[in-house]
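Structure record follows, encoded as structure tokens.
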Amino acid sequence: MKKILLFFTLIIAAIGFAQNDEAFVDNQVSQKMAELELQQNPEYFFRKDYCEGNIQMFNLPDGKLCTSKSTYYSVYLFWKEDENIMKLQKFDNCGSFIPISISRKKTIEKIFKNKQALKQGEVKPYEGEKIDENAFGNMSVKSCHKEYKFVFDGKPFEKSFREFDLTSDSKYKNVNAEHNNSLELIKLDILISEMFKDMEDSGNLLREK
């Protein structure tokens, strides 16, 4: 009986080891951004991803278990290393990942040439081409969000959108979908999403110990 109680105690302790919320993730990112400010880095940005209510669980390098608290948040922070290289570091509810180097020319250089378009473009909310008076139950919206913060030449600006606003998945076509998907922000978003997937599939994103 004592062995069984000890076993469940160890499981509960492992699960409770890290159930960190959004504030924990934001604090990690803020600390890294403060470092970049001290280094007077003129160019950096991050993307925060989350789907409300989505919970993730991970085995950490030290063998402990970590679960997100309420919602899993992941943040990808990019900063300028030199004219040819950017650094990327991921943060989430369970800690930070080892920074990796990426080529500016192979990734985001083309999009960054038009920084003003990134700043001015706004994602419009989903708007059906018709109004359904009996709309209840016609669509299910998965509440997934992306938030960006850019700092170019020391000047910050922020952008955010719901993934749903880019689609036409409801009963009636989203009249704003074409506009939204033509934005430089969304082109950047698609590009770095593909980059993240390739990194995860190849095992290049490793947690810091």
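The values are calculated or read from the model by the stated rules, or taken from the named source; none is laboratory data. Given the structure is predicted, the values throughout are model-derived calculations rather than measurements. With ideal geometry, Cβ positions are generated from the backbone for all residues, glycine too; neighbour counts draw on all protein chains shown.
Would you pick out the residues in the stretch 178-209 that are at pLDDT 95 or above and in a loop (DSSP other than H, G, I, E, B)? Once the filter is applied, which keeps residues that are at pLDDT 95 or above and in a loop (DSSP other than H, G, I, E, B), the stretch 178-209 yields 182, 183. For the residues 143, 193, 168, the requirement of being out of contact with any helix residue (DSSP H, G or I) (no Cβ under 9 Å at 6 or more places or on another chain) and of a type in the set (Gly, Ala, Ser) singles out 193. Evaluated against (1) under 13 Å from residue 121 (Cα atoms); (2) basic (Lys, Arg); (3) within 13 Å of the chain's Cα centre (by Cα), residue 162 falls short on exactly one condition, (1). Quick one: would you say residue 76 is of a type in the set (Phe, Trp, Tyr), touching a residue at least 12 places away in the same chain (Cβ under 8 Å) and outside any strand (DSSP E or B)? Here the answer is no, as residue 76 does not meet what is asked.
Looking only at residues of the stretch 53-68 that are surrounded by fewer than 14 Cβ atoms within 10 Å (Cβ to Cβ) and closer than 24 Å to residue 193 by Cβ, we find that the one that is farthest from the chain's Cα centre (by Cα) is 57.
When you look at residue 91, is it of a type in the set (A, V, I, L, M, F, W, C), under 24 Å from residue 186 (Cα atoms) and surrounded by 18 or more Cβ atoms within 10 Å (Cβ to Cβ), yes or no? Judged against the criteria, residue 91 is a match. Residue 1 falls short on exactly one of the conditions (1) in contact with a Lys or Arg (Cβ under 9 Å, 6 or more places away or on another chain); (2) of a type outside the set (Ser, Thr, Tyr); (3) at pLDDT below 90, and that condition is (1). Here the stretch 111-131 is the region considered, the condition is being among the polar types (S, T, N, Q) and part of a helix (DSSP H, G or I), and the residue that is surrounded by the fewest Cβ atoms within 10 Å (Cβ to Cβ) is 116. Looking at 50, 72, 76, 44 in this structure, which one is in contact with a His (Cβ under 7 Å, 6 or more places away or on another chain), crowded, with 18+ Cβ neighbours inside 10 Å, at pLDDT 85 or above and under 24 Å from residue 195 (Cα atoms)? Sole residue among the options that is in contact with a His (Cβ under 7 Å, 6 or more places away or on another chain), crowded, with 18+ Cβ neighbours inside 10 Å, at pLDDT 85 or above and under 24 Å from residue 195 (Cα atoms): 50. Looking across the stretch 53-96, the residues that are more than 13 Å from residue 21 (Cβ to Cβ) and among the hydroxyl-bearing types (Ser, Thr, Tyr) come down to 74, 76, 96.
So is residue 140 surrounded by 14 or more Cβ atoms within 10 Å (Cβ to Cβ), modelled with pLDDT under 90 and part of a loop (DSSP other than H, G, I, E, B) or not? It is false that residue 140 is surrounded by 14 or more Cβ atoms within 10 Å (Cβ to Cβ), modelled with pLDDT under 90 and part of a loop (DSSP other than H, G, I, E, B). Of the residues making up the stretch 81-110, those that are part of a loop (DSSP other than H, G, I, E, B) and hydroxyl-bearing (Ser, Thr, Tyr) number 1. Consider residue 45 against the criteria (1) touching a residue at least 60 places away in the same chain (Cβ under 8 Å); (2) touching a Cys at 6+ places or on another chain (Cβ under 9 Å): it satisfies all of them except one. Which criterion is unmet? Here residue 45 meets the rest and fails (2).
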